[in-house]
Amino acid sequence: MKFDENLAAIHAYLCADGYVTKIHESQKHKYYRIGLRNTNLTLLKDFQRRFYEYFKVLPIIRKDGRCEKCSKEINEILNLNFVSFYSREWRMPHLNKQLTKIWLRAFFDCEAWVFCKTHQNRHIGVDCINKEGLNQVIIVLNSLGIKTIYKLNKKRKMHRIFIYGKENLKIFQKEVGFLHPDKSKKLRETLGDFVIYKWDFPKEKNKCKDFVFSILKEKTRIKKPSYARIISKERSNLELMKVYLKKFYGIDSTFYTATNGLGTIYYELSINRKDEVKKLINLRIIPNLFKDN
């Protein structure tokens, strides 16, 4: 069988939540079923479309959450060309990079979950009883630059992988992604939950000025009427802000390196002269706390 995007996805669907019945000669009633079990209609429709495009026959989506076709010919072709689609026995086929991504997408659409406990625990996870198959998944994820953590649940005899970290999740979103709408949405929300420490200043002048203004509105804090400050964990953020404040708004500021009570280093941009603070007031960045003379 020649792999294309359709067969790559079909194979992964069958390995994850699918079935290809094997018939023994001793069985009186013979059923040649190929299908996908899933509660998500988007995935069932994708399986149906790809099955039709590859095999030129249309499986039926049933009300019980299956997309299935009975075909002796296709059943025998699949069983002849692949070792098995059983949970403990399937193996990833050898595919080029693009088809590998398609295979992974279909597999993760069926098997993965996306978890986000805000600012604490954000990951994609997969459970699988097939250690050898999961090891293949780990290898191809690593080849795409996606690092994984493997764990064994001895009580359940279940193998599990996690994908942690913003960069890993971003690469997964870019290189693999989800067709499953709920998982796709959850991944976007999870990535949005990470704090952006390094500010991306636009190169175009007007856009950069607008960006600096938005940072001023969001980050400026007042300690007393003549003392405003901006704090960041990234030194380069405030070094650039100091330059742009002077360039765009004529505001002089002072850069400091400081340490909090836990010994963590942070950086501060201080605006502590009355004339400079009034420029922030005129920009409506901060309220006027000066007492009327």
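Here, each number is a calculation from the coordinates, and none is a lab measurement. None of these values were measured; they are calculated from a predicted model. Glycine also receives a Cβ, built like all others from the backbone with ideal geometry; neighbour counts cover every protein chain displayed.
From zero outward in steps of 5 Å, how is the percent of C-alpha pairs of segment 52-115 spread across the bins? Computed distribution, short to long bins: 4, 12, 15, 23, 28, 13, 4, 1, 0.
Label positions at THR42 and GLU89, each projected 7 Å from the Cα along the C-beta direction, are separated by 3.3 nm. With R₀ set to 45 Å, the beta-carbon distance separating ASP64 from SER143 gives a calculated FRET efficiency near 0.75. Who wins for biggest fluctuation among THR254, THR148, THR264 in a Gaussian network model of the chain, springs between alpha carbons below 10 Å? Of THR254, THR148, THR264, the Gaussian network model singles out THR264 as fluctuating most. Segment 85-159 and segment 254-293 have Cα centres separated by 49 Å. Residues in segment 115-120 carry Karplus couplings, in order, of 10, 9, 9, 3, 6, 10 Hz; the curve used is 6.51 cos²θ - 1.76 cosθ + 1.60 with θ = phi - 60°, and Gly or Pro positions show x. A simple charge model with +1 on the Cβ of Lys and Arg, -1 on the Cβ of Asp and Glu and nothing else charged puts the dipole of the chain at about 760 debye relative to its Cα centre. Result for the chain in a Gaussian network model with C-alpha springs under 10 Å: among PHE108, PHE178, PHE248, the largest mean-square fluctuation is at PHE248. Here r is the Cβ-Cβ distance between LYS209 and LYS170 and R0 is 25 Å; the resulting FRET efficiency, rounded to 0.05, is 0.35.
Spacing of the modelled spin labels on ARG284 and LEU152, each 7 Å from Cα toward Cβ, amounts to 6.4 nm.
Highest mean packing comes first when the peptides 37-48, 197-208, 156-167 are listed by Cβ atoms within 10 Å, giving 37-48, 156-167, 197-208.
Any idea what log10 I(q)/I(0) is at q = 0.16 Å⁻¹ for the chain, Debye with uniform C-alpha scatterers and no solvent? Values returned for q = 0.16 Å⁻¹ are -1.19.
So what is the 222 nm mean residue ellipticity for the chain from helices alone, if each DSSP H run of at least 4 adds -39500 (n - 2.57) and you divide by all residues, rounding to the nearest 500 deg cm²/dmol? Before the final figure, lay out the partial values.
Working: 10 runs with 127 residues, N = 293.
About -13500 deg cm²/dmol.
Relative contact order for segment 1-115: 35 percent, from Cα pairs under 8 Å spaced at least 6 residues apart, divided by residue count. A viscosity of 1.306 mPa s and a temperature of 10 °C, combined with the Kirkwood radius over C-alpha pairs in the Stokes-Einstein formula, give segment 205-282 a diffusion coefficient of 124 µm²/s. Checking the table LYS174/LYS198; LYS223/LYS279; LYS2/LYS174; LYS242/LYS279 against a 23 Å threshold on Cα-Cα, which pairs fail? From the list (LYS174/LYS198; LYS223/LYS279; LYS2/LYS174; LYS242/LYS279), the Cα-Cα distance tops 23 Å for LYS2/LYS174.
Legend: P(r) of segment 87-191 from all alpha carbon pair distances, 5 Å bins from 0, whole percents, reading 2, 12, 24, 26, 20, 11, 3, 0. Spatial offset of segment 179-201 relative to segment 210-224 amounts to 24 Å, using the alpha carbon center of each.
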